[in-house]
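Visitor: Below is one structure. I have some questions about it.
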Amino acid sequence: MQILLTGATGCLGQALVTELSGAGHSVVALMRPGATFAASRCRDVVPMDLGRPLEVRHLPARCDAVVHVAQSRNYRKSEGAELDIFRINTAATVELASYAATAGARGFFYASTGTLYRPSPDPIPETGAISAATFYAASKLASEQMLAPFSTGMTVTIGRLFHLYGPGQRDKLLNDIAGRLRSGKAIDLRGENGLQLAPTYSSDAARLIRLGVEEGWDGVYNMASPEFVSLREFTEEMGRILGLTPTFARQPGNAPDPVLPDLTKLKKRLTDWRFTPLHQGFRQTLLQSTTPSQ
């Protein structure tokens with residue numbers, strides 16, 4: 001298949017380039033102008049700023065699938081970045097879906113987020129209650145809804161990702177915790193063990209996305225590792241790898257209700273239910289984050 005991939009320079013995008021090209025697919029990668037990227041595994045690289053209207057003339061006339069995992073670099077900001085978040089997360093999604101339909105694509109994959117669910121003490125299925133309490137989550141939910149009309153002409157797969165981590169990632173929980181451990185700062189915990197998480201290694205997420213595209217999964221899927229851990233366990237595992245003993249600061253109140261995925265629907269799709277263990281994913285991430293780039 002010839003696949004147009006956005007967000008190719010990000011943590012998930014890099015894993016997807018490896019996964020898709022390794023499976024024999026021809027990857028045309030979109031990247032921000034000026035970004036550095038090892039493009040040896042791509043058929044072509046197209047510099048393009050998705051914060052501006054999509055320049056279709058620079059895209060292949062035909063493609064088999066579009067995989068849209070790019071997101072605004074301002075996703076963590078609560079104020080002042082709304083237009084950039086909307087432009088990349090939502091407006092660009094509609095433009096890319098329109099392009100995919102014109103280019104004869106059979107499938108479209110959109111990377112959404114588990115953070116649009118309402119927190120719950122129990123794992124949440126795809127039909128669970130929606131909160132979308134942040135502008136980022138709201139932009140993802142809007143994109144999901146706007147993709148629905150396109151599903152009449154091609155398969156639309158929406159992957160709600162949870163607690164993604166991996167090589168090449170910046171400004172996420174793993175980096176924050178590693179920085180605190182190295183500087184000797186305490187990790188704040190509410191409750192005995194803190195929030196529950198579903199840390200998902202980028203290569204595992206890339207495998208799920210590839211299968212979704214190849215097999216034409218239709219609709220919304222929770223995509224995550226089945227290994228749920230508390231923030232305390234997450235930190236202690238990282239401490240073992242770094243050779244550091246974490247300290248914790250107990251905060252008032254109980255641990256908040258988590259947002260954890262019910263993976264029943266995903267499990268029905270998979271014949272190989274193997275995921276990267278947390279200790280292995282951490283080792284790979286921390287090793288590559290300290291290896292000089294070539």
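Read-outs throughout are calculated quantities, based only on the coordinates presented, and are distinct from any laboratory measurement. Here the structure is a predicted model, which means the values were calculated and not measured. Note that each Cβ is placed from the backbone with ideal geometry, even for glycine, and that neighbours are counted across all protein chains shown.
Visitor: Test of understanding: in a Gaussian network model of the chain with alpha carbons linked when under 10 Å, which of Thr127, Thr155, Thr235 would top the mean-square fluctuation ranking?
Guide: Fluctuation is largest for Thr127.
Visitor: In nanometres, what is the gap between the two model label sites at Arg269 and Arg118, each 7 Å from Cα along Cα-to-Cβ?
Guide: The modelled label-to-label distance comes out at 2.5 nm.
Visitor: Go through [x] 51, 17, 17; [y] 28, 20, 19; [z] 31, 21, 19 and flag the label whose value is the computed semi-axes √(5λ) of the Cα gyration tensor in Å for this structure.
Guide: [z]
Visitor: Please list 3J(HN,Hα) in residue order for the range 248-257, calculated via the Karplus relation 6.51 cos²θ - 1.76 cosθ + 1.60 where θ = phi - 60°; whole Hz, with x for glycine and proline.
Guide: Per residue, the Karplus-derived 3J(HN,Hα) values read 10, 10, 6, 9, x, x, 7, 4, x, 4 Hz.
Visitor: For Val45, what residues show an amide H to amide H distance below 5 Å, using hydrogens built from the backbone and excluding near sequence neighbours?
Guide: Result for Val45 returns Ala29.
Visitor: Sticking with this structure for a sec: Between Arg106 and Ala129, what's the calculated FRET efficiency when r is the beta-carbon distance and R0 is 25 Å? Round to 0.05.
Guide: On the way: r = 32 Å, r/R0 = 1.30.
It comes out at approximately 0.15.
Visitor: At Leu244 and Arg41, where each label point lies 7 Å from the Cα along Cα→Cβ, what is the point-to-point distance in nanometres?
Guide: 2.9 nm
Visitor: Give me, ordered by chain and number, the residues 5 or more places off Arg160 or on other chains with an amide H under 5 Å from its own placed amide H.
Guide: Here the answer is Ser112, Tyr221, Asn222, Met223, since their amide H atoms fall under 5 Å of that of Arg160.
Visitor: Amide H to amide H under 5 Å from Ile187: which residues, 5+ apart in sequence or cross-chain, H placed 1.01 Å off N in plane?
Guide: The list, which skips near neighbours in sequence, is Thr247, Phe248, Ala249.
Visitor: To continue, here is another question. With Cβ to Cβ distances under 10 Å as the rule, what net charge do the other residues near Gly281 carry (K, R +1; D, E -1)?
Guide: On the way: positive: Arg283; negative: Asp204, Glu227, Glu237.
Overall, the nearby charge balance is -2.
Visitor: Now for a separate question. Helix-only estimate, please: 222 nm mean residue ellipticity of the chain, summing -39500 (n - 2.57) across DSSP H runs of length 4 or more and dividing by its residues, to the nearest 500.
Guide: Values: 9 runs with 96 residues, N = 294.
Theoretical 222 nm ellipticity from helices: -10000 deg cm²/dmol.
Visitor: Given 0.36 nm per residue, what is the gain on full extension from Glu82 to Ser26 after removing their alpha carbon distance, in nm? It would help to have the intermediate numbers written out before the result.
Guide: Numbers: separation 56, 0.36 × 56 = 20.16 nm, distance 3.39 nm.
This chain segment gains 16.8 nm when fully extended.
Visitor: Another question, then. Simple spin-label model, 7 Å along Cα-to-Cβ: Ser183 to Arg52 in nm?
Guide: 3.7 nm
Visitor: Can I ask one more? Of Ala224, Ala255, Ala205, which is the most mobile in a GNM of the chain whose springs link Cα atoms less than 10 angstrom apart?
Guide: For the chain, modelled as a Gaussian network with Cα springs under 10 Å, the answer is Ala255.
Visitor: Which of Gln71, Gln169, Gln145 moves most in a GNM of the chain, Cα contacts under 10 Å?
Guide: Gln145
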